[in-house]
Amino acid sequence: MTDPSIRPVKPDDATAIATIYAHHVLNGTATFDIDPPDAAAWREKIAAITARGWPFLVAERDGAVTGYAYATQFRDRPAYAETCENSIYLAPDQLGRGIGSHLLPALVEAAHQAGFRQMIAVIGGSEPASVALHAKCGFVHAGRMVGVGRKFGRILDTIYMQRALEGEG
């Protein structure tokens, strides 16, 4: 199987991104959203993120979008201007195929180039695959918020993981 290609997002990717995210909203606990945004909402989000100079990447394999990742400022207060939070989602039929292992390091590098010094992963539902991917990419456990979410009738934790971006401590 060929490695995915990683590239900056284009507005035309909104439909594929909406489809990927909708699957996770409707079937998983990695996001606490319960209503998936449509492609128009994703086009707006893509425009807002890229207008700030923040990274938004997609993974492609054989011409199809197989995943996406972006970084936004962790909190809106000025003191957090150099700290970002990542989001990464993969197409359900592409899970376990190494796409995240290409996409997340590319996002880390792009976030560093965008001026961020620290990256935070907020892992809803304490999803084991997401925890493992982030650990593989140099993130360390930074905390757990117990019982902060409810989805599908389950009380869920959120795990925080963190990593410095190139040369930062």
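The values are calculated or read from the model by the stated rules, or taken from the named source; none is laboratory data. What you see is a predicted model; the values in this text were computed from it and never measured. In this analysis, Cβ positions are derived from the backbone assuming ideal geometry, glycine residues included, and neighbour counts consider all displayed protein chains. All accessible areas refer to the heavy atoms of the entire protein, side chains included, with ligands and DNA or RNA removed. Shrake-Rupley method; radii C 1.70, N 1.55, O 1.52, S 1.80 Å.
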- prompt: Tell me, what ³J(HN,Hα) does each residue in segment 49-65 have, in order and in whole Hz, if you take phi through Karplus 6.51 cos²θ - 1.76 cosθ + 1.60 with θ = phi - 60° and put x for Gly and Pro?
  reply: 5, 5, 5, 7, x, 8, x, 9, 10, 10, 9, 10, 9, 6, x, 10, 6
message: With θ taken as phi - 60° and the coefficients 6.51, -1.76 and 1.60, list the Karplus ³J(HN,Hα) couplings across segment 111-127 in order, rounded to whole Hz; mark glycine and proline as x.
response: 5, 4, 5, 7, x, 7, 10, 9, 10, 10, 9, 10, 9, x, x, 6, 3
statement: For segment 1-66, whose charge dipole is built from +1 on Lys and Arg Cβ atoms and -1 on Asp and Glu Cβ atoms, the candidate among ILE17, ALA48, ALA30 with its Cα farthest towards the positive end is ALA48
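Expected output is a single nm value to one decimal: the length gained when fully extending between ASP3 and VAL148, i.e. 0.36 nm times separation in residues minus the C-alpha distance. What is it? Mind dumping the intermediate values first?
On the way: separation 145, 0.36 × 145 = 52.20 nm, distance 3.66 nm.
In short, 48.5 nm is gained.
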- request: Note down the accessible area of MET119, probe 1.4 Å, to the nearest 10 Å².
  value: 0
task: Project the alpha carbons of segment 1-131 onto their principal axes and report the range along each, largest first, in whole Å.
output: 40, 31, 31
query: Under the classification rounded if a/c is under 1.5, otherwise prolate if a/b is larger than b/c and oblate if not, where does segment 60-127 fall, given a ≥ b ≥ c as square roots of the Cα gyration tensor eigenvalues?
result: prolate
